[in-house]
Structure formats: C-alpha cells, structure tokens
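These notes concern the structure reproduced below.
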Number of protein chains: 2
Amino acid sequence: MEALGYHVMLELYDCDREILNDRHKIEEYMLMAAKKAGATIIETAFHHFNPQGVSGVVVIAESHLAIHTWPEFGYAAVDVFTCGHTVDTFTAYRYLKEKFGAQIVKTYELKRGELFKPNMIAREHELKVEKLDFEKQVEDKSLGVMENA
Amino acid sequence: MEALGYHVMLELYDCDREILNDRHKIEEYMLMAAKKAGATIIETAFHHFNPQGVSGVVVIAESHLAIHTWPEFGYAAVDVFTCGHTVDTFTAYRYLKEKFGAQIVKTYELKRGELFKPNMIAREHELKVEKLDFEKQVEDKSLGVMENA
C-alpha cells in the first residue's frame, strides 16, 4: 500500500551519558545525520534542560528528525520521519548509533499516510489489514483506532 | 513496564485542505493544542513548502509535537511525544481533529524508553515481550530490532 511518509523510531540505550547532556554535540550530530542521509535542512530547534537532558528537532524538506535524551538513564529517543525516496534513513541511524555510543538499539517503523481507495468499504478493509500488521494500538480506549467524525 | 516517554501518532484523513496549506493557522492550532494539553512551549519551527504542504514542530518541556501536511491528499501526520504525567494528549488530539476537520483518524501509541532491568537476560526477556506487543517491526533487514554494538 502506498504511503506518504516513512517514520523510523530509534531507541538508543546505554549511550555515552556525557554526550547525551551536550546540547551542542547533539545538534552537530543530528545535523550531520540529516546531511549524511541526503536530507535538505530547513530549520533547527535544540534545547538543554536543567538539570539534564536535551530535546531537539531538525525540520527537513523531507519531514523531520527529532531527539530527546535522558542522560541519567543513558537513553535517547530518536525519530527519523521522511517522505519521498531520497533520504537514506539507514545511514542516519548508523551514524547516530555510533556517535552516541549506543550499546543496544531497538527500532520501530511506521508507514505514515497510507493512501486509501476512495470508498469506505476499501477503507475499512485497509484499516483491518493495518491493524493486523501493527498490533500495538492505543491502549487508552478514548483514542479510537478508526473514527468517523 | 516503566517508560520515559509516551508517543502518540495521529493519522488525520479527509481534513480541510485549505487549512492544511495554511502555515499560520497550523502553527496557531499546534501551539493551542500544546497549551490546552498543559504543555510548556519552548520553541517552534514551521515551514510552508512550495507548491503546497506545511511542516512544523513545537518543542515542549515535555518533548514535542510535530505535523506534516499533504493538502493534495487531505492528510496530516501529527506526533505528540510527551514525558511525565502532566500533558493531556487526548485533549490535544480532540482539539486538532476538530480544527483540521478530520473525518477519519487512525492513532498509534508507542512507549518510548522502556527501562530494563540491569542485566542482559532481563533485557532480552523484555525485548521479546516488546516484540510480541508491537508486531510491526522494521522491514528493512539492515535495521535490527535489537543489536549489540
């Protein structure tokens, strides 16, 4: 099924804790990851928290990269959300894994904006397939998997 | 299992296409969604693409909100990534769904930064549980679900 976006979530564990608290290094690495992956950088926003931790986003022409770090746990959450076929997500992943010294990595992938056929029967069918493919749905019952407004 | 972050991905379909191409309205709605959810706004970065489409990120003290729109398909991808227990993600979701006029919504939830017990056996066990809970793993064989560096 055709999709507009490709979203990879990286869970980086057992990273270098000093780097995870270094706003400037993190911004440098995230920008370099975007460049190495072939993305076009539009804008960045990085912030160091007190007493520790860094959040940052790189808006790219092909969507975004984001990072949140917890130096006290040696953990960083990284998102690489791209559209089109020009960005090499794997290169960004390998680069960041090495730079942060991550010893354990978990990755998740989600296709974003899967395009439906223009009728509700097809939509429902596609959604069922989606649900089977991606078992872990929202646990909060108030957030529905599919809703008609 | 304890987790550091809570990541909700919203797939908004059949939205108001004019709004999806209006950078200022989108920024206003994303900021208001963050405020209504009780988040502390740190920084924003929004961009309108030529000929159409908007990307934007709101860095909050509790992580981030992000949006990418495809007006030509009536579709927006929204991420609400939070940490702690003070941000009401559901309020942000309801607000954005209404403002964008989304007729169909799919949502996914992912716990980020699940904390492992401090030995590899426990880690491996937790990862297996994780894998069962969240079937849709990275399809690209080069990105492993779990890797030791």
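Remarks
- No other residue among B:Glu43, B:Glu18 is over 16 Å from the mean Cα position of the chain (by Cα), of a type in the set (Asp, Glu) and closer than 19 Å to A:Phe49 by Cα apart from B:Glu43.
- All positions within region B:28-69 that are open to solvent by 10 Å² or more (accessible area, probe 1.4 Å) and in a helix (DSSP H, G or I): B:Glu28, B:Tyr29, B:Leu31, B:Met32, B:Lys35, B:Lys36
- Listed by first and then second residue, the pairs linking a residue in region A:1-28 that is more than 10 Å from chain B (Cβ to nearest Cβ) to a residue that is in a loop (DSSP other than H, G, I, E, B) and open to solvent by 50 Å² or more (accessible area, probe 1.4 Å), with Cβ atoms under 7 Å apart and 6 or more places separating them unless they lie on different chains, are A:Asn21/A:Gln52.
- Number of positions in region A:90-103 that are open to solvent by less than 10 Å² (accessible area, probe 1.4 Å), more than 18 Å from B:His64 (Cβ to Cβ) and outside any loop (DSSP other than H, G, I, E, B): 1
- B:Ala66 vs. criteria touching a residue at least 12 places away in the same chain (Cβ under 8 Å), farther than 15 Å from B:Thr91 by Cβ and among the small types (Gly, Ala, Ser): yes
- None of A:Lys35, A:Lys99 is more than 11 Å from chain B (Cβ to nearest Cβ) and without any contact (Cβ under 8 Å) to a residue 40 or more places away in the chain except A:Lys35.
- Test result for A:Gly5, surrounded by fewer than 17 Cβ atoms within 10 Å (Cβ to Cβ) and either under 18 Å from the mean Cα position of the chain (by Cα) or over 26 Å from B:Ile41 (Cβ atoms) (or both): no
- Failed item in (1) within 8 Å of chain A (Cβ to nearest Cβ); (2) in contact (Cβ under 8 Å) with a residue 24 or more places away in the chain, with B:Glu43 passing the rest: (2)
- Lone unmet requirement of (1) in contact (Cβ under 8 Å) with a residue 24 or more places away in the chain; (2) of a type in the set (Gly, Ala, Ser); (3) under 30 Å from B:Glu114 (Cβ atoms) for B:Gly74: (3)
- Selection status of B:Phe134, over 20 Å from B:Ala33 (Cα atoms), at the interface with another protein chain (Cβ under 7 Å from one of its Cβ atoms) and modelled with pLDDT under 95: yes
- Some residue of region A:54-77 being within 24 Å of B:Glu11 (Cβ to Cβ) and over 14 Å from the mean Cα position of the chain (by Cα): yes
The values are calculated or read from the model by the stated rules, or taken from the named source; none is laboratory data. The model shown is predicted, which means the values in this text are computed figures rather than measured ones. No Cβ is skipped: glycine too gets one built from the backbone with ideal geometry, and neighbour counts run over all protein chains shown. In case anyone asks, the SASA skips ligands and DNA or RNA and just uses the protein heavy atoms, side chains included. Shrake-Rupley method; radii C 1.70, N 1.55, O 1.52, S 1.80 Å.
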